[in-house]
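Worksheet for the structure shown next.
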Amino acid sequence: MNYTNTGNKETRAGFGTGLLEAGRNNLNVVALTADLNGSVKTDAFAAEFPDRFINTGIAEANMINVAAGLALSGKIPFAGSFAVFATGRVYDQIRQSVAYSNTNVKICGSHAGLTLGEDGATHQIMEDFALMKALPNMVVLCPCDYNQTKAATIAAAKYTGPVYIRYGRPSVPNFTSETDALEIGKAQKLVDGTDVTIFATGHLVWEALLACNELKQQGISAEVINIHTIKPLDAKAIIESALKTGAVVSAEEHFRNGGLGESIAQVLITNTKTPMEIVAVDDKFGQSGKPMELLAEYQLTHPYIVDAAKKAISRK
């Protein structure tokens with residue numbers, strides 16, 4: 001494996017660092033939160049730029065509408081909350097005031113997916129990709145580690161238009177370069193391979209790298225591509241890799257329905273005849289537990305990616 005874990009760090013901390021840097025680079029960057037300043041890591045920004053920070057209280061719908069108003073006045077608002085609240089609770093406001101109105105609002109969803117852990121199913125949103133990617137004008141980002149979450153936040157600040165950024169709560173391997181910029185809509189190839197392609201996003205990119213290493217030990221060459229941009233999807237990179245390896249696996253910490261795998265399948269079905277397997281959460285809610293134990297329970301860890309890769313290869 002060409003990538004090494006330089007130390008576990010929270011992706012939400014990467015967001016906080018990126019937001020602070022974006023705020024220093026552009027005086028129009030402002031931050032909002034729904035009484036979750038420390039949890040979503042807007043606290044450093046609030047401390048340095050108190051006049052550019054708004055705590056709306058536990059009123060997420062109001063937060064989104066205030067953010068839209070700020071965007072219309074020329075500001076670049078980052079509105080942060082737990083992902084389950086930042087997307088599900090305020091879908092109507094996002095649809096009408098952000099996506100339909102095409103306002104320059106950045107929606108920041110922390111504590112996403114199963115790896116939220118002990119808070120359980122009510123807070124473990126796994127349908128946020130589906131909600132956000134269905135909206136016209138909306139960009140959807142899901143970076144894989146601390147460094148890339150920082151880069152994604154800075155990229156979102158420079159992009160004009162609605163953006164949803166998904167990041168998480170637990171400390172996870174930090175393995176991408178701190179100097180790598182993130183290009184919205186451009187997939188990142190991590191490992192070259194010839195037998196199967198593993199497309200992964202978010203926390204499962206590290207699991208994909210572990211699977212790649214295990215497959216290598218079994219004589220199977222896996223290509224690993226980090227899909228940090230769920231929308232717009234890099235169809236060119238997907239098609240090129242699928243035609244090269246002839247077998248595809250997708251891996252995500254999201255429901256199978258409406259997720260990354262569905263989007264990749266839509267690309268493949270109209271451009272190739274490549275067999276594909278999807279590693280994702282089946283049609284059931286999460287539960288309370290330790291993050292890594294939940295990933296294993298819901299069959300999202302690298303052994304399951306290995307099995308999916310072998311199954312895809314067998315269908316060539």
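The values are calculated or read from the model by the stated rules, or taken from the named source; none is laboratory data. Only a predicted model underlies this, so the values are computations on that prediction, with no experimental measurement involved. Don't worry about glycine lacking a Cβ; one is built from the backbone with ideal geometry, like all the others, and counts go over all protein chains shown.
Please determine whether any residue of the stretch 199-221 is over 24 Å from Thr149 (Cβ atoms), touching a residue at least 60 places away in the same chain (Cβ under 8 Å) and buried (at least 24 other Cβ atoms within 10 Å of the Cβ). No.
Tell me, please, whether a residue that is outside the structural domain of Val163 (by TED's automatic domain parsing), within 17 Å of the chain's Cα centre (by Cα) and at pLDDT 95 or above can be found in the stretch 239-250. Outline the logic, then answer.
Our first condition is that a residue be outside the structural domain of Val163 (by TED's automatic domain parsing); within the stretch 239-250, this holds for 239-250.
Remaining after also requiring within 17 Å of the chain's Cα centre (by Cα): 250.
Filter once more, so that each one left must be at pLDDT 95 or above: 250.
Looking through the stretch 239-250, at least one residue is outside the structural domain of Val163 (by TED's automatic domain parsing), within 17 Å of the chain's Cα centre (by Cα) and at pLDDT 95 or above.
Which number in (1) crowded, with 21+ Cβ neighbours inside 10 Å; (2) under 17 Å from Cys142 (Cβ atoms) marks the one condition that Asp180 misses? Asp180 satisfies every listed condition except (1).
Please state which one of Thr115, Thr103 is more than 27 Å from Asp282 (Cβ to Cβ), touching a helix residue (DSSP H, G or I) at 6+ places or on another chain (Cβ under 7 Å) and in contact (Cβ under 8 Å) with a residue 24 or more places away in the chain.
Values: Thr115 fails: more than 27 Å from Asp282 (Cβ to Cβ).
Only one candidate qualifies: Thr103.
In the stretch 68-89, the residues that are charged (D, E, K, R) reach residues that are at pLDDT 95 or above with C-beta atoms within less than 6 angstrom, at least six apart or across chains, in these pairs: Lys75/Asn28; Lys75/Val30; Arg89/Glu60. The numbered conditions (1) surrounded by 15 or more Cβ atoms within 10 Å (Cβ to Cβ); (2) outside any loop (DSSP other than H, G, I, E, B); (3) touching a helix residue (DSSP H, G or I) at 6+ places or on another chain (Cβ under 8 Å) are all true for Pro303 except (1).
Leu294 falls short on exactly one of the conditions (1) touching a strand residue (DSSP E or B) at 6+ places or on another chain (Cβ under 9 Å); (2) buried (at least 20 other Cβ atoms within 10 Å of the Cβ), and that condition is (1).
Against the condition more than 19 Å from the chain's Cα centre (by Cα), of a type in the set (Asp, Glu) and not in a loop (DSSP other than H, G, I, E, B), how does Asp92 come out, does it pass? So that I can check it myself, show each step before the final result.
Details: more than 19 Å from the chain's Cα centre (by Cα): yes; of a type in the set (Asp, Glu): yes; not in a loop (DSSP other than H, G, I, E, B): yes.
It is true that Asp92 is more than 19 Å from the chain's Cα centre (by Cα), of a type in the set (Asp, Glu) and not in a loop (DSSP other than H, G, I, E, B).
Note on the stretch 149-168: residues that are over 23 Å from Ile264 (Cβ atoms) and surrounded by 23 or more Cβ atoms within 10 Å (Cβ to Cβ) total 2. Of all residues in the stretch 89-131, exactly one satisfies the criterion of being touching a Leu at 6+ places or on another chain (Cβ under 7 Å) and under 17 Å from Asp35 (Cβ atoms), namely His123.
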